[in-house]
Amino acid sequence: MAQVVPISCALCPRLVAYREEVGRVRRRAYRDQEYWSKPVPGFGDPAARLLIVGLAPGAHGANRTGRIFTGDRSGDFLYRALYEAGFANQPTSVSRDDGLQLCDAYITSPVRCVPPDNKPTLEEIRTCLPYFEREMTLLKRVKLVVTLGGIALESYLSILQGRGQIKARTSFRFGHGAKFATHESGPLILASYHPSQQNTSTGRLTASMLADIFHEARRLVERD
Ligand code: SF4
């Protein structure tokens, strides 16, 4: 699928400054590597029935490697679960040229540039959201949307609301494993905690909880 986000996008000055600063300062373990430090596009199968929505690139993961959820612990969690449910050809994701392919799944995020403290502002989310919406339009086979975290859910719902496909967002209360139908013939939503370091290191989200989400996703995309 053609990339919908220009890697030169500089609409959010705070995020442009931060993505470049992270790449300049670098983490000690990666100091010999050239960081990507640009917007990170979506990744996966253009004919996907499963759409996965994250939050934003990780500072030393996707902002370093240039591929979403690649090169950090969040990605380790996510891709292992996708592999176990048959949505990925390998359980690891370390670099853009590691041979990883997604089958029947596509991963994107509402914010394409790394935010300080993993916290984009509302204005930054609003500014970046049209790229996500364009991907939604191009992904024509999606039956299920797995939202990773509250911001992913809110962002997806705000696009549906802007299109007049739902009236309000108040009836969609985030909960891990919660499922929501939206508009007629629209994809089902399955909500999950985000596999952030904060969630995985505290045990709020375990590997088996995330595996369950994607086994359920497999069941839901295969049903008629
Ligand atoms: S977050 Fe999105 S809109 Fe903002 S600079 Fe990055 S790509 Fe552009």
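Can you tell me which residues in the stretch 53-101 are under 16 Å from C113 (Cβ atoms), assigned to a loop (DSSP other than H, G, I, E, B) and in contact with a Phe, Trp or Tyr (Cβ under 6 Å, 6 or more places away or on another chain)?
Of everything in the stretch 53-101, those that are under 16 Å from C113 (Cβ atoms), assigned to a loop (DSSP other than H, G, I, E, B) and in contact with a Phe, Trp or Tyr (Cβ under 6 Å, 6 or more places away or on another chain) turn out to be G66, R67, I68.
The conditions are (1) charged (D, E, K, R); (2) in contact with a strand residue (DSSP E or B) (Cβ under 9 Å, 6 or more places away or on another chain); (3) within 16 Å of the ligand (Cβ to nearest atom), and K179 fails exactly one of them. Which is it?
Every listed condition holds for K179 apart from (3).
Identify all residues within the stretch 1-39 that are modelled with pLDDT of 95 or more, touching a Phe, Trp or Tyr at 6+ places or on another chain (Cβ under 9 Å) and more than 16 Å from the ligand (Cβ to nearest atom); write none if there are none.
Correct list: R24, R26.
When you scan the stretch 45-73, how many residues do you find that are at positive phi and surrounded by fewer than 24 Cβ atoms within 10 Å (Cβ to Cβ)? Write out each step before concluding.
Step one: filter the stretch 45-73 for residues at positive phi, giving 66, 69, 71.
Going one step further and asking which of them are surrounded by fewer than 24 Cβ atoms within 10 Å (Cβ to Cβ), we end up with 66.
So the answer is 1.
Filter the stretch 111-143 down to the residues that are part of a helix (DSSP H, G or I), among the polar types (S, T, N, Q) and either surrounded by 14 or more Cβ atoms within 10 Å (Cβ to Cβ) or within 16 Å of the ligand (Cβ to nearest atom) (or both) and list them by number.
First, the residues of the stretch 111-143 that are part of a helix (DSSP H, G or I): 116-118, 122-138.
Those left that are additionally among the polar types (S, T, N, Q): 118, 127, 137.
Result: N118, T127.
G71 - would you say it is closer than 29 Å to A17 by Cα, touching a helix residue (DSSP H, G or I) at 6+ places or on another chain (Cβ under 6 Å) and at pLDDT 95 or above? Steps first, please.
Details: closer than 29 Å to A17 by Cα: yes; touching a helix residue (DSSP H, G or I) at 6+ places or on another chain (Cβ under 6 Å): yes; at pLDDT 95 or above: yes.
For G71, the condition - closer than 29 Å to A17 by Cα, touching a helix residue (DSSP H, G or I) at 6+ places or on another chain (Cβ under 6 Å) and at pLDDT 95 or above - is met.
Looking only at the stretch 93-135, which residues are β-branched (V, I, T) and closer than 22 Å to A47 by Cα? So that I can check it myself, show each step before the final result.
At the first step, the residues of the stretch 93-135 found to be β-branched (V, I, T) are 94, 107-108, 111, 114, 121, 125, 127.
Residues satisfying the conditions are I107, T108.
Go through the residues of the stretch 79-90 one by one and say whether even a single one is among the hydroxyl-bearing types (S, T, Y), within 16 Å of the ligand (Cβ to nearest atom), surrounded by 14 or more Cβ atoms within 10 Å (Cβ to Cβ) and farther than 15 Å from Y131 by Cβ.
No - not one qualifying residue is present in the stretch 79-90.
Assess whether T108 counts as being buried (at least 22 other Cβ atoms within 10 Å of the Cβ), closer than 20 Å to K38 by Cβ, of a type in the set (V, I, T) and in contact (Cβ under 8 Å) with a residue 40 or more places away in the chain.
Details: buried (at least 22 other Cβ atoms within 10 Å of the Cβ): yes; closer than 20 Å to K38 by Cβ: yes; of a type in the set (V, I, T): yes; in contact (Cβ under 8 Å) with a residue 40 or more places away in the chain: yes.
The answer is yes for T108.
The values are calculated or read from the model by the stated rules, or taken from the named source; none is laboratory data. Here the structure is a predicted model, which is why all the values come from computation and not from measurement. All Cβ positions, glycine included, derive from the backbone under ideal geometry; neighbour counts span all protein chains shown.
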